[in-house]
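Asker: Right, I'll just put the structure down here and ask away after.
The values are calculated or read from the model by the stated rules, or taken from the named source; none is laboratory data. All of these numbers come straight from a predicted model, not from anything done at the bench. Note: ideal-geometry Cβ built from the backbone for every residue, glycine included; neighbour counts use all protein chains shown.
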Amino acid sequence: FPTPRKPGTPSSTGFENVKAYLDKFFPLFTKTKHLSLEERIKEMQRFFHLTVTGKLDAETEATIKRPRCGMPDIAE
Amino acid sequence: YATFSGSPRWKKTLLTYKIVNYTPDLSQKKVDDAIRRAFMVWSDVTPLQFKKVFYGHADIVIGFARRAHGDGYPFDGRGNTLAHAFAPGEGIGGDTHFDDDEIWSETNREINLFLVAAHEFGHSLGLDHSNVRGALMYPIYSYVNPATFKLSEDDRRGIQKLYGKKPS
């Protein structure tokens, strides 16, 4: 049986979406290349002044889906 | 506000721009007008002036494109990424590309071209994204009435840091 998903745990599609979003707009650089996905989500949440949870919550997911400029938000 | 790494900026105040193609969503006149007004957002608060050219070299080359369009940064279909622009510099520097899978408008329906163009030209002039909600350089699209649009203090400080104030 599939185990019930914990609240805030991204589905595999959500995980791929958030990773693709972070890779594009919050790319990893020399200084940040060891950051976990949770830390990277936190970085994004801080930039957008969202509640910093490190999880792909509804607010974060909604932000990712909004139309936006194609330039990165955090650059080295 | 933020500027790009190394704070690249144009070393002249008269910049040329060229529109190499148009979206089918709006008449050419409406595109021209949206682009002209988007540049005015920045020329109103700095010594910068913008001149449209129709052939030959232009500092800022503007076009509409779908998916991969030759710059290594393909667009992604309708939604999400709307446009992108390059920081000041020779060649592709300053150039601005709009995703033509979006539906562009002059109103609050779909995506307002003037608002996105004004944001992208901020990049063309050297501004990076701001994390101030309500600033033009905030990366997420949000409609405001173009007729009453006012550049935020954050954007004004950023662009005047690069180019100074408009002479009185």
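Here is a yes/no grid of residues against (1) modelled with pLDDT of 95 or more; (2) polar (S, T, N, Q); (3) within 14 Å of residue B:45 (Cβ to Cβ); (4) assigned to a loop (DSSP other than H, G, I, E, B):
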{"site": "B:116", "(1), (2), (3), (4)": "yes, no, no, no"}
{"site": "B:119", "(1), (2), (3), (4)": "yes, no, no, no"}
{"site": "B:123", "(1), (2), (3), (4)": "yes, no, no, no"}
{"site": "B:132", "(1), (2), (3), (4)": "yes, no, no, yes"}
{"site": "B:137", "(1), (2), (3), (4)": "yes, no, yes, yes"}
{"site": "B:144", "(1), (2), (3), (4)": "yes, no, no, yes"}
{"site": "B:147", "(1), (2), (3), (4)": "yes, no, no, no"}
{"site": "B:150", "(1), (2), (3), (4)": "yes, no, yes, yes"}
{"site": "B:154", "(1), (2), (3), (4)": "yes, no, yes, no"}
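Asker: With the condition kept exactly as written, say whether any residue in the stretch B:119-135 is more than 14 Å from chain A (Cβ to nearest Cβ) and surrounded by fewer than 24 Cβ atoms within 10 Å (Cβ to Cβ).
Answerer: Scanning the stretch B:119-135 turns up no residue that is more than 14 Å from chain A (Cβ to nearest Cβ) and surrounded by fewer than 24 Cβ atoms within 10 Å (Cβ to Cβ).
Asker: Let me ask something additional. Here are B:111, B:103: which of them is out of contact with any Gly (no Cβ under 7 Å at 6 or more places or on another chain), within 12 Å of chain A (Cβ to nearest Cβ) and either within 18 Å of residue B:39 (Cβ to Cβ) or surrounded by fewer than 18 Cβ atoms within 10 Å (Cβ to Cβ) (or both)?
Answerer: When all the criteria are applied, what remains is B:103.
Asker: Among the listed residues B:167, B:88, which satisfies the condition of being in contact with a Phe, Trp or Tyr (Cβ under 6 Å, 6 or more places away or on another chain) and either more than 9 Å from every other protein chain (Cβ to nearest Cβ) or not in a loop (DSSP other than H, G, I, E, B) (or both)?
Answerer: B:88
Asker: If you take the residues in the stretch B:136-162 that are under 25 Å from residue B:12 (Cβ atoms) and within 12 Å of chain A (Cβ to nearest Cβ), which one is surrounded by the most Cβ atoms within 10 Å (Cβ to Cβ)?
Answerer: For the stretch B:136-162, the residue satisfying everything is B:136.
Asker: Step by step: first the residues of the stretch A:12-52, then only those that are part of a loop (DSSP other than H, G, I, E, B) and buried (at least 17 other Cβ atoms within 10 Å of the Cβ), then the one that is farthest from the other protein chains (Cβ to nearest Cβ). Which residue is that?
Answerer: Filtering first and then ranking leaves A:26.
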